[in-house]
């Protein structure tokens, strides 16, 4: 009877040859992905420098510039998963039968076929079996007495789980791939930049869109600590999670120590100057001889100086130059700062422009009722947060743990089985048949089996002597 | 030279070499001690490292003597010297750990320190547990090169940048070192299997030549116009690379070195070509020529190495990207240096095989025993590789919010894992034993080497730390 087409496909998927071919394809294509420059990570102009337009067109058309997100790579990984599933489903029932219904009572053909076995002549079935039982128990083989209609025997084994280990490893690999798939479909990554006191619920993914979070993140402070040689030691940000205006979580994050809320993770990714002012500290001295006072002012902030006069910080330029009577900002670094203060009088409604330092043509410093002196400038710093949502990562970590366990079982746990049955040889002499097998590391097991047999032999002798019977009978059987 | 020594009775040679090496070690230690007494600080890292260099050199000489003559007495003293070197090396590691306050995995220097330590420890384990005595002949010279390389690198304790301050990093790197060491061991064992399995010496000739060609092709990616060779510029005061801008290193061009390396590539490829001609014509003359070509290629390789050492050590060179002249140093090009040294070393190993094959075979365990140990080392390496990748992914997830980003190093680690997975499947389900399994183990190690060196050196990526 010819197999139907779906059945044939299913069989092909489960064949080891298919699996190996698929794995070789994965290897070749991912190697290609590391040699050819990849799109999102490489800037477009660098791509154009590296490849000629024709080559780039071909690479782009074949998706070779973004191998790991190409539809055919995803298809390939899905096929690998299917192949693992097919291979496991096809082979598992057999292994399960073997696992769940172990062969316990050795019949004659099995006894003859088993390569590793030994015969010891004995006097008494019952006594011999109980000695063997004791030895197996001591060796950790958990022996059980098997009674059939016309025979009885002993069966002991260790590490039966070893028979299923391969399936554990394959299942864990599927779990990891599943987690990766979930993240590829439902996960996202983005970036969020905050300055001190600022809050936001909008994350910007790489593709230029905006993602709104159901809660807001506020930055209460951020900073950098340095080693004595000036290299950075630590970056930190104090973050609040706000839901409906309420703080629900507060945490200081550092590199390697993210904040997690609602399945979204916030990582310390960067830290730097915004080029904007945070706070300017000034001393204002009245011209009428009253005592001077200190004030700290932010951009566009208005502070009262006395009952009539207020001061507002209208502009702050961290690095200014004057050219043709105009003021320009040269850079965002705090090199050559200039501050523009506006004094307003409530009564007269007059406003006076004060510049620190005085800039000719713009300043009216002489007409101001106060003189100002800059004390300190605090620039605003931003903290850059990498934001990610990976709902599948738990499957990945679970898969990793299961795989670690599975690999240990695969490589280091050996399923060892021992059968012991009383038999009679051709001359009617009673003997103890001892046979054993292991599913791997066979030579080590042979050694161990030899030790077991020796132990049983010596204990049998002791019990025979203790029973005050002639040992000659035992020796005669040899 | 090597042929002459065999004709003497082995016992006499045995004592002579042991005494000579012993005296050499004692003399060097004494000289070093005199120097140290003046400065007063006996047990610091560089002294300990120097001591381990002396002991490893003694051990290397004795192991090599064993490799050449097969005198069993050498092995005893060689292991003793290795033990002494390992103790000094452990002291250096401990000192470093104490000074830095973190496990020594943060810079190439520290990785090398740990690598040499692991190598020496594994040599002793392989020798005493698995009775693979010849292994020191291969590993000790590598350890010596490692310690010498360390002298060229920046040794001051580097503070860790924030991304590296994680226990998971240490777990990741430790597992990587262990896994790579186990892979290296499986490779060495597979090679020994092939020797024992009567694989033809000519095949080793082709493989040696192929390795040389691959190495020099990799090195020659730095070939510049007009026969120059570009290396990274080095700032001797800072003991660090010169950066053009963030993450972009400045390359300077050493003139004429490129031509020389190209010539060496031709010399290294010659045995392979002659081998192929021999395969086609079956004319033994070509094979003899090929063996002579190996000799010639060793001379040229050493010449290129010396030339590279001299040119890189002094002088200032122009750059294509910036005006002015910049110095460079050996420490700026550890990968090129290890490539060149590795090429010479592998060719020398081939000569050893060519001349002393029967002695080598006599000293090795039985072929199927070697086959089994190869499998066992891979059975150790594979779970370690798995956990190494997992720990790296976990660390990346805590640092960048992504456990897998298909960066070249990650991808190649996954490829390594797949290759060894392939080996295991073929062995377990298809019963691949012997040669085919050995080839697979060798392929696996080649991929490991590419992941370790090739990816850092040839491919772009964010694994900038290692």
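The values are calculated or read from the model by the stated rules, or taken from the named source; none is laboratory data. Quick caveat: nothing in here was measured; it's all calculated off a predicted structure. Positions of Cβ are generated from backbone atoms using ideal geometry, with glycine treated the same way; all protein chains shown enter the neighbour counts.
The numbered conditions (1) in contact with a strand residue (DSSP E or B) (Cβ under 9 Å, 6 or more places away or on another chain); (2) crowded, with 17+ Cβ neighbours inside 10 Å are all true for residue B:325 except (2). Scanning the stretch A:147-157 for residues that are without any contact (Cβ under 8 Å) to a residue 60 or more places away in the chain and within 48 Å of the chain's Cα centre (by Cα) gives no hits.
Quick grid of which residues meet (1) touching a helix residue (DSSP H, G or I) at 6+ places or on another chain (Cβ under 9 Å); (2) closer than 20 Å to residue A:260 by Cβ:
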position	(1), (2)
A:139	yes, no
A:158	no, no
A:165	yes, no
A:199	no, yes
A:206	no, no
A:236	no, yes
A:246	no, yes
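From the list B:416, B:386, the lone residue that is modelled with pLDDT of 90 or more and more than 9 Å from every other protein chain (Cβ to nearest Cβ) is B:416. When every residue of the stretch A:229-239 is checked against the conditions, at least one turns out to be over 28 Å from residue A:317 (Cβ atoms), more than 14 Å from chain B (Cβ to nearest Cβ) and surrounded by 14 or more Cβ atoms within 10 Å (Cβ to Cβ).
When A:439, A:365 are screened for being surrounded by 15 or more Cβ atoms within 10 Å (Cβ to Cβ), within 30 Å of residue B:369 (Cα to Cα), at pLDDT below 90 and not assigned by TED's automatic domain parsing to the domain that holds residue A:265, only A:439 passes. With respect to the conditions (1) surrounded by fewer than 15 Cβ atoms within 10 Å (Cβ to Cβ); (2) within 14 Å of chain B (Cβ to nearest Cβ), residue A:409 falls short on a single one, namely (1).
Checked against the criterion of being exposed (fewer than 15 other Cβ atoms within 10 Å of the Cβ), in the same structural domain as residue A:73 (by TED's automatic domain parsing) and under 30 Å from residue B:431 (Cα atoms), the candidates A:12, A:18 yield just one match: A:12. I'd like the full set of residues that are more than 10 Å from chain B (Cβ to nearest Cβ) and either under 26 Å from the mean Cα position of the chain (by Cα) or surrounded by 19 or more Cβ atoms within 10 Å (Cβ to Cβ) (or both), limited to the stretch A:378-391. Answer for the stretch A:378-391, where residues must be more than 10 Å from chain B (Cβ to nearest Cβ) and either under 26 Å from the mean Cα position of the chain (by Cα) or surrounded by 19 or more Cβ atoms within 10 Å (Cβ to Cβ) (or both): A:381, A:382, A:383, A:384, A:391.
Across the stretch A:414-424, the qualifying residues are those that are in contact with a helix residue (DSSP H, G or I) (Cβ under 9 Å, 6 or more places away or on another chain) and surrounded by fewer than 18 Cβ atoms within 10 Å (Cβ to Cβ), and the one among them that is nearest to the other protein chains (Cβ to nearest Cβ) is A:414.
If a residue counts only when it is within 12 Å of chain B (Cβ to nearest Cβ) and within 25 Å of residue B:422 (Cα to Cα), which helices (runs of 4 or more DSSP H) contained entirely in the stretch A:1-78 have at least 2 such residues?
Numbers: elements: A:5-14, A:16-35, A:44-50, A:53-61.
Ranges flagged: A:16-35.
Do you know which residues across the stretch B:85-112 are under 16 Å from residue B:53 (Cα atoms) and at pLDDT 85 or above? I'd like the intermediate steps shown before the answer.
Start the filter on the stretch B:85-112 by keeping residues that are under 16 Å from residue B:53 (Cα atoms), which leaves B:85-93, B:109-110, B:112.
Across the stretch B:85-112, the qualifying residues are B:85, B:86, B:87, B:88, B:89, B:90, B:91, B:92, B:93.
It is to be established whether one or more residues within the stretch B:426-449 are surrounded by 21 or more Cβ atoms within 10 Å (Cβ to Cβ), in contact (Cβ under 8 Å) with a residue 24 or more places away in the chain, within 25 Å of residue A:179 (Cβ to Cβ) and within 12 Å of chain A (Cβ to nearest Cβ). The answer is no; no qualifying residue exists.
Suppose the filter is out of contact with any helix residue (DSSP H, G or I) (no Cβ under 6 Å at 6 or more places or on another chain), surrounded by 12 or more Cβ atoms within 10 Å (Cβ to Cβ), at pLDDT below 85 and within 21 Å of residue A:380 (Cβ to Cβ); does residue A:282 pass it? Spell out how you get there, then give the answer.
Numbers: out of contact with any helix residue (DSSP H, G or I) (no Cβ under 6 Å at 6 or more places or on another chain): yes; surrounded by 12 or more Cβ atoms within 10 Å (Cβ to Cβ): yes; at pLDDT below 85: no; within 21 Å of residue A:380 (Cβ to Cβ): yes.
Against the criterion (out of contact with any helix residue (DSSP H, G or I) (no Cβ under 6 Å at 6 or more places or on another chain), surrounded by 12 or more Cβ atoms within 10 Å (Cβ to Cβ), at pLDDT below 85 and within 21 Å of residue A:380 (Cβ to Cβ)), residue A:282 does not qualify.
Residue-wise test of (1) without any contact (Cβ under 8 Å) to a residue 60 or more places away in the chain; (2) closer than 14 Å to residue B:399 by Cα.
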position	(1), (2)
A:232	yes, no
A:235	no, yes
A:242	yes, no
A:245	yes, no
A:248	yes, no
A:257	yes, yes
A:266	no, yes
A:270	no, yes
A:273	no, no
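Yes or no: residue A:185 in contact with a helix residue (DSSP H, G or I) (Cβ under 9 Å, 6 or more places away or on another chain) and either outside any loop (DSSP other than H, G, I, E, B) or surrounded by fewer than 16 Cβ atoms within 10 Å (Cβ to Cβ) (or both)? The answer is no for residue A:185.
Out of all the residues in the stretch A:208-217, is one or more within 14 Å of chain B (Cβ to nearest Cβ), over 30 Å from residue A:357 (Cα atoms), in contact with a strand residue (DSSP E or B) (Cβ under 6 Å, 6 or more places away or on another chain) and assigned to a strand (DSSP E or B)? Show your work before the answer.
Step one: of the stretch A:208-217, the residues within 14 Å of chain B (Cβ to nearest Cβ) are none.
No: the stretch A:208-217 contains no residue that is within 14 Å of chain B (Cβ to nearest Cβ), over 30 Å from residue A:357 (Cα atoms), in contact with a strand residue (DSSP E or B) (Cβ under 6 Å, 6 or more places away or on another chain) and assigned to a strand (DSSP E or B).
Note on the stretch B:162-214: among residues that are over 22 Å from residue B:115 (Cα atoms) and outside any helix (DSSP H, G or I), the one that is farthest from the other protein chains (Cβ to nearest Cβ) is B:200.
Filter the stretch B:62-84 down to the residues that are at pLDDT 85 or above and either surrounded by fewer than 19 Cβ atoms within 10 Å (Cβ to Cβ) or within 19 Å of the chain's Cα centre (by Cα) (or both) and list them by number. Matches in the stretch B:62-84: B:80, B:82, B:83.
Check B:411, B:399 and return the single one that is facing another protein chain (nearest Cβ under 7 Å), in a helix (DSSP H, G or I) and within 22 Å of residue A:266 (Cβ to Cβ). Full working, then the answer.
Working: B:411 fails: within 22 Å of residue A:266 (Cβ to Cβ).
So the residue among B:411, B:399 that is facing another protein chain (nearest Cβ under 7 Å), in a helix (DSSP H, G or I) and within 22 Å of residue A:266 (Cβ to Cβ) is B:399.
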